[in-house]
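Undergrad: Here it is, the structure, as structure tokens.
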Amino acid sequence: MSVMNGLSVAVELAQTRRDAAAQVLAKARQQWISAQLQIDQLESYAQECTTRWAQQSLSCTPELMRHHYQFMARLDHAIGLQTGIVAEHGRNVEREAATLRVAELKLESLRQLMKQRERERQAELSRREQKMSDEQAAIQHRRRASAFSGGVR
């Protein structure tokens with residue numbers, strides 16, 4: 001029975017690890033979503049600025065145009081940086097998903113092992129019960145045979 005207790009402890013530990021991996025994956029996905037939302041906001045803002053600029057550009061001074069183009073260049077740079085951050089979060093999500101898959105496989109293999117051991121234990125109990133039943137039947141048969149042979153003479 002200590003083997004089953006050991007397997008139960010191993011299953012519980014594997015479940016804890018699997019649950020922790022699932023939480024880490026959920027957090028990684030949330031970070032990826034947040035980073036994607038930020039890039040969407042930056043791109044939307046850049047589009048709004050471009051639209052506004054197109055409407056006002058006819059009456060602007062050269063210096064104002066230069067400032068606008070510098071601002072748009074910095075905004076494009078920020079979008080590029082954020083794109084890298086989104087990609088890094090995406091890779092992190094993939095890594096954590098792989099970690100979760102491994103944890104789930106380990107947990108399932110331990111559960112299968114535990115079921116196999118339980119089937120083996122049940123089979124052993126059945127064999128013992130059958131052996132005891134056979135021995136009881138043999139004893140009863142010998143008693144009857146000896147009582148029959150003793151009474152027939």
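Coordinate-derived values only; no laboratory data. In this text the structure is predicted, and so the values were computed from the model without any measurement. Heads up, the Cβs are rebuilt from the backbone with ideal geometry, glycines too, and the neighbour counts pull from every protein chain shown.
Undergrad: Would you tally the residues in segment 35-87 being under 34 Å from the mean Cα position of the chain (by Cα), of a type outside the set (A, V, I, L, M) and exposed (fewer than 13 other Cβ atoms within 10 Å of the Cβ)? Steps first, answer last, please.
TA: Step one: filter segment 35-87 for residues under 34 Å from the mean Cα position of the chain (by Cα), giving 35-43, 78-87.
Next cut, of a type outside the set (A, V, I, L, M) only: 36, 38, 40-41, 43, 80, 82-84.
Cutting the leftovers down to exposed (fewer than 13 other Cβ atoms within 10 Å of the Cβ) gives us 40-41, 80, 84.
Summing the residues that are under 34 Å from the mean Cα position of the chain (by Cα), of a type outside the set (A, V, I, L, M) and exposed (fewer than 13 other Cβ atoms within 10 Å of the Cβ) in segment 35-87 gives 4.
Undergrad: Can you run down the residue pairs with Cβ atoms below 9 Å, 6 or more apart or on separate chains, where the first is in segment 77-95 and under 14 Å from GLN30 (Cβ atoms) and the partner is basic (Lys, Arg) and assigned to a helix (DSSP H, G or I)?
TA: HIS89/ARG29; VAL93/ARG29
Undergrad: Pick from segment 45-76 the residues that are among the small types (Gly, Ala, Ser) and out of contact with any helix residue (DSSP H, G or I) (no Cβ under 8 Å at 6 or more places or on another chain): which of them is nearest to ALA28 (Cα to Cα)?
TA: The first filter runs over segment 45-76 and keeps only residues among the small types (Gly, Ala, Ser), leaving 46, 54, 57, 59, 73.
Those still in the list that are out of contact with any helix residue (DSSP H, G or I) (no Cβ under 8 Å at 6 or more places or on another chain) too: 54, 59, 73.
Values: ALA54: 39, SER59: 47, ALA73: 30 Å.
The qualifying residue nearest to ALA28 (Cα to Cα) is ALA73.
Undergrad: Could you tell me how many of the residues in segment 21-34 are in contact (Cβ under 8 Å) with a residue 60 or more places away in the chain and within 11 Å of the chain's Cα centre (by Cα)?
TA: 4
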